[in-house]
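What follows draws every value from the coordinates through simple rules; no lab data is involved. Here the structure is a predicted model, which means the values were calculated and not measured. Every residue, glycine as well, gets a Cβ built from its backbone with ideal geometry; the counts of neighbours run over all protein chains shown.
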Protein chains: 2
Amino acid sequence: MNAFISANAEEYTVYYPLVVSLVLSFIGYKITCLTIPKVKNSFIKIGLFGKDLSKVGKPVIPETIGVIPSIVLILLLFINVPLLFVNQKDTNILFPYSKFSEFLSSILCLESILILGLLDDLFDLKWRHKFFLPMFASIPLLVVYYVDYGVTTIMVPPFLQNEKIISFIPFIGNTYKNGTIDLKILYYLYMGCVAIFCPNSINIFAGVNGLEVGQILVLSLIFLINDALYLFTSELSTTKHAHIFSSTLIIQLFGCSLALYKFNKFPAQVFVGDTFCYFAGMVFAVSGILGHFSKTVLLFFIPQIFNFAYSMPQLFGLVPCPRHRMPKFNEKDGLLYTSRAILDGKTAYDRENKVKKVKPFVLIILKCLSKLKLIDLEYDAMTGELLTCSNMTLINLVLVWSGPLREDKLCQRLLLLQFFIGIIAIFLRHMGGALIYGHDNLFKVH
Amino acid sequence: MNAFISANAEEYTVYYPLVVSLVLSFIGYKITCLTIPKVKNSFIKIGLFGKDLSKVGKPVIPETIGVIPSIVLILLLFINVPLLFVNQKDTNILFPYSKFSEFLSSILCLESILILGLLDDLFDLKWRHKFFLPMFASIPLLVVYYVDYGVTTIMVPPFLQNEKIISFIPFIGNTYKNGTIDLKILYYLYMGCVAIFCPNSINIFAGVNGLEVGQILVLSLIFLINDALYLFTSELSTTKHAHIFSSTLIIQLFGCSLALYKFNKFPAQVFVGDTFCYFAGMVFAVSGILGHFSKTVLLFFIPQIFNFAYSMPQLFGLVPCPRHRMPKFNEKDGLLYTSRAILDGKTAYDRENKVKKVKPFVLIILKCLSKLKLIDLEYDAMTGELLTCSNMTLINLVLVWSGPLREDKLCQRLLLLQFFIGIIAIFLRHMGGALIYGHDNLFKVH
């Protein structure tokens, strides 16, 4: 049963953690399904509810229900601990402390983000307060990484392997050796940023029934496909075990999320809340950091990264940002339309909200984006003056491309987009990696 | 800096974790002091408030403020991790994984109980739902204990060291060997119970301004005195390090609690909430289990154990139990009086609440307790019939002994009681242990 450390053990013992995960994942699914209907009214009772603005009559729906699958997942991981480790004490080999600490620090990280999410759902924390807290949560994880691997070198693509060019890079330029550079503390900073980015990016890619949990399900699938590729092809036991660890987490996340999806999909009976978005995002971050593919994780998060980058002009106030940017619901045809930001700064609404006229260079950028079909602009039919633009979120962009859609269709398209980008990312990672570096990264640990 | 594992290292390195704890404890105190006034209104805003029934006008006071010091303590412990462990990787000795896992599993345990406490404060969980959850939280702790020590034998006092008598004990009777018996799985069950008991017992010994945090401060002092005794007298490095670990947690708990006490002491500006009682109780449980003095911990909790045992007749319905059992505030003289339970079952209130007349054998017990001055009974002056009894909590009992008191004086007496019982417990543990077992337990790990 020495599932985690011995490379030469029989196949079935290597896959023992996966079997445990599958069983627990199913149990987690069942428990979550049974619990949500029982507790959802208690959430409304204590004020945790929201109005579904994209439905006729704007029904009141319990909010923050994602707490349930999060807690269930943590309980499952607790049950994992004795199942995976207790029987390893009697073997003749040393107890796999490093794997044990990895597991503990992962649960720790997840519990921390759960607490942060809960506080955010309760108190509506300010951005400056909550932004850096996930980095705190990742401290034990980074210490485990430091102690267990401590690898902070990355490979330089061959076309950049020029000592003179690289020596210009401040701080780390002088660490160039045999085609690799040592990022040192920057690598830990980078991993801390992954821990900040994954939870937050899932949380802002939201606003349509089923999208929050849906993207988590799709990302889980992508992660599992990636893990499976390594498990079936790699000869290295360390790689294998890193990806078994990753799948262990993701499989159980999948079970709990699937149950939540049942209640959150169109038409939503419950809202997810910030908690679960943060929480699931952290599962991906942990999985990537301790599974040693934190760089690949970012490839899987391309839709989220795009959504964030695309939102920046509005988030930083270059383009007016209304309070809600979710698509606009039309009660007459039941479809969602792109919501719009008013650009002219002339209406009463604008003056009230101190919206200023956008600067000329921003206008030029907007017009360029419009040419690239990355935004929809509305002009005054008489004067030809620019009046509004579609809000800069990926959700609105899909509506710009496809025209008005029913909520479930819109969610479906966004999830398909996420899925295909994930598949392309896996392809890029393994095939592209081989092209750039001259050998296939499937057979490398880092 | 190899503070945790090397016994022969110089003294200052052994005490390095203590210095770190003292500094962090002070920082925790400051942060908690600064944060509470800033956030307390947000708690009222989201409905987390209560009325102080023992004050004129029953002012509204924010509730669940104990979340702040709990979170601060967890952040401190996170900062501990790199400070205590990162510099140990470069030493020539093996990285102290076992100490590292101990530390991680402790934080894990504390975060779990924090989540449970938060949910309880938010949703008023039912007893049957929350009672066993701390046992879940303690799973990683028990696995660490199993892996690191696995010692489940306890010593049998000499006057019981008779093979024939012991063989009658079911399950474990046949494990008797050289004056010890092996409790096996029962020992883990026992530790799980400690993890259930400590948080819950602090939570029910409450109801007077400053008492919840006050008892935590007193217990911390008692724990630290006990740790100091071992640190200064023991020669065994394992004992020393177990108690350094324990003090590390307790010193930082003390700092955060002291800040909370400033706001919770009479007249209270904030209420503590269940969260902090559970949380601090778990710190004591963790400290006792991984510091290997879980049996001694129960001696320090004698007031809490007494309070629980004394409450049982009311909790189990043998004696009528009113909704609130806290002392009764008299607005005229500003003093607290014993609150009372009505025994005759005749008043309208009783019929409404389906209070039955107490059974004859309970009456006999109550009269015995009254003889021992452990309860106050009130008789009808005309008929001599028993009308009421003082509510069966330690708080009311102190009022029975001393007569009406102002709230702060009452709290003071209860804390003094806790302190002296703690001191006697330390004395009993070390001196009494020597008497019973024939040697001083100061020099034994278990």
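Assorted remarks:
- Cβ-vector label at 7 Å, residue B:173, separations to other copies in nm: 8.2
- Summary for residue B:129: label point 7 Å along Cα→Cβ; distances to the equivalent points in the other copies, ascending, 2.6 nm.
- 7 Å along Cα→Cβ, label-point gaps from residue B:151 to other copies, nm, shortest first: 4.0
- Per principal axis, descending, Cα span of region A:360-412 in whole Å: 37, 23, 14
- With only the Cα atoms considered, region A:140-257 has a convex hull volume of 159 Å³ per residue.
- Computed from phi, the 3J(HN,Hα) profile of region B:291-296 under the Karplus parametrisation 6.51, -1.76, 1.60 (θ = phi - 60°) reads x, 6, 9, 5, 6, 5 Hz, with x in place of Gly and Pro.
- Kirkwood analysis of the Cα pair distances in region A:216-333 returns a hydrodynamic radius of 16.6 Å.
- Furthest towards positive pole of dipole, A:390, A:283, A:181, structure part chain A, Cβ charges: A:390
- Note on residue B:161 and residue B:324: their simple-model spin labels are 5.5 nm apart, each label 7 Å out from Cα toward Cβ.
- Longest exposed-site-free window of chain A, the sites being trypsin sites (Lys or Arg not before Pro) in a DSSP loop that have at most 11 other C-beta atoms within 10 Å: A:127-322
- GNM on chain A, alpha-carbon springs under 10 angstrom: the most fluctuating residue among A:27, A:165, A:222 is A:165.
- The C-alpha radius of gyration of chain A, expressed as a fraction of 2.2 N^0.38 Å, stands at 1.06.
- Taking 7 Å steps out from each Cα toward its Cβ at residue A:168 and residue B:225 produces label points 7.0 nm apart.
- Centre separation in Å (Cα based) which lies between region A:95-126 and region B:364-401: 50 Å
- For residue A:177 and residue B:431, a Förster radius of 56 Å and the Cβ-Cβ distance give a FRET efficiency of 0.30, rounded to the nearest 0.05.
- Highest mobility in the GNM of chain B, judged by mean-square fluctuation with C-alpha springs under 10 Å and restricted to B:233, B:152, B:275, is found for B:233.
- Helices that extend 20 Å or more along their long axis by alpha-carbon positions and average at least 0.5 on the Kyte-Doolittle scale are, among the DSSP H runs of chain A, A:16-45, A:67-85, A:97-123, A:185-204, A:211-233, A:237-264, A:273-290, A:407-427.
- Once you reduce region A:22-71 and region B:166-187 to the center of their Cα atoms, the two points are 48 Å from each other.
- Only Lys, Arg, Asp and Glu carry charge here, each on its Cβ (+1 for the first two, -1 for the last two); on that basis region A:148-302 has a dipole of about 100 debye about its Cα centre.
- Exposed loop sites were defined as chymotrypsin sites (Phe, Trp or Tyr not before Pro) in DSSP loop states (anything but H, G, I, E or B) carrying at most 13 other C-beta atoms within 10 Å; in chain B the longest segment without such a site runs B:172-315.
- Residues whose placed amide H lies under 5 Å from that of residue B:50, excluding near-sequence neighbours: B:61, B:63
- Formal net charge of residues neighbouring residue A:110 (Cβ-Cβ distance under 14 Å; K, R +1; D, E -1): -3
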